[in-house]
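This report refers to the structure that appears directly beneath it.
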Amino acid sequence: METSAESLLGPINLERDFEYLISFLPPQWEEQARESGALRRCRKIADAKVLLRALLLHLAEGISLRETATRLREGGILDISDVAIMDRLRSAGPWFSWMNQRLMDQWVAPLPRWPGKWSSVCLADGTRIQEPGPTGSGWMVHYAVELSSMRCREVLIYDWAQSGEGFRRFKVRTGELWIGDRAYGKRPGIAYAVERGADVITRFALNSLPMQDATGSRPFLLLDYLRKLSGRRVGDWPVRLVNGQDQIQGRVCAVRKSAAAAAKSITRARETAIKNQDQVQPETLEAAQYVFVFTTLSPAQLSASNVLEVYRGRWQIELVFKRLKSVLSFGHLPKYDPDSIRSWIEGKLLVALLLEALLVKGESFFPWGFPLQQDVPQSSVPVA
């Protein structure tokens, strides 16, 4: 007996499924296709729906342009060449970007409040996407998510030459807590967040964040303090960060790694030095045995051990990038010119945001597949 999905549900209706997907898109998304230039001079493409369906087939499925053209033709959707699809994709970047921004507003905001002082706790990170070939240039995607929901907060795309990471990349708001890795442990970015009324917890490299002691009378020599730590003891030292004329009060919170974790970090530091053809410094190897972060939070707001626990949440954004790279093939660029590269990245982000919208919708699961609009009195239901 045949028990396939088709036998149980009838023929799979691709048009129905696609219509449900585009129901998540913002209003005027079709009109924006023409205004942005994505749907100009498209004699064979009837409307924005057909164009989006063709491009999503290539972006979401990860198939080649040639296979995309074949599937569209055999499915009776569109008879277009792979070169023409590439031309349409190259022009679709501004359209995708417009939809992405509004999808974040529609499905991500407003963000849930984090219990306690902060209006939200945000994780910031960046990932590099490389063009094919040994001489291919790179692009940088800066990504921020809200920790309590893991929903996308902000996405920015720059070519590698303009890709420096830092809190200044993002729209930091008063009352927020921002968490970053070593790339964010720089004075300008920390000062930017503080000026906007936010707090930070950020890891930093040994020599990347010059600090003074609490009195400001002498430099804060980090290794001298780290050497005092043993076992599971957590270090907590007040420091002063000088940025031009401004002084930022903060703390360094630290803990010694386990023997296994320290050995792994030392090996990684040596491998990085070999890769970069550098001479690894003894101080670098010593610092690799500890985890240390800078925070603007006072001890009254959060203890040192809790600061380190909150910082652990930063690893969640690593999972976001892993998901993007594995599920959406986000880690390697199949395009070569800047316009098609940006369009491809924006298109992949559109797919990711649509998946996020589906997950949000799925949180309110209905066994019958849709929300009930109103109760129907039992007496009004006809009896067979």
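Any read-out appearing in this document is the output of simple, stated calculations on the displayed coordinates, not a laboratory observation. Everything numeric here is computed off the predicted structure, so don't read it as measured data. Cβ atoms come from the backbone with ideal geometry, glycine included; neighbour counts cover every protein chain shown.
Structural remarks
- Members of Lys171/Lys228; Lys44/Lys361; Lys171/Lys275; Lys171/Lys264; Lys49/Lys361 lying beyond 27 Å, as alpha-carbon distances in this model show: Lys171/Lys228; Lys44/Lys361; Lys171/Lys275; Lys171/Lys264
- Stokes-Einstein, applied to the Kirkwood radius of region 198-301 over Cα pairs at a viscosity of 1.567 mPa s and 4 °C, places its translational diffusion at 88 µm² s⁻¹.
- When you count the other C-beta atoms within 10 angstrom of each residue and take the mean per peptide, 299-307, 121-129, 57-65 line up highest first as 121-129, 57-65, 299-307.
- As a calculated quantity, the FRET efficiency between Gln212 and Gln101 at R0 = 30 Å, using C-beta atoms, amounts to about 0.15.
- Taking every alpha-carbon pair under 8 Å whose residues sit at least 6 apart, region 198-301 reaches a relative contact order of 34 percent.
- Label-to-label distance, Asp159 versus Val280, with points set 7 angstrom from Cα along the beta-carbon direction: 3.5 nm.
- Dipole magnitude for region 198-301: computed about the Cα centre from +1 point charges on Lys and Arg Cβ and -1 point charges on Asp and Glu Cβ, it is near 440 debye.
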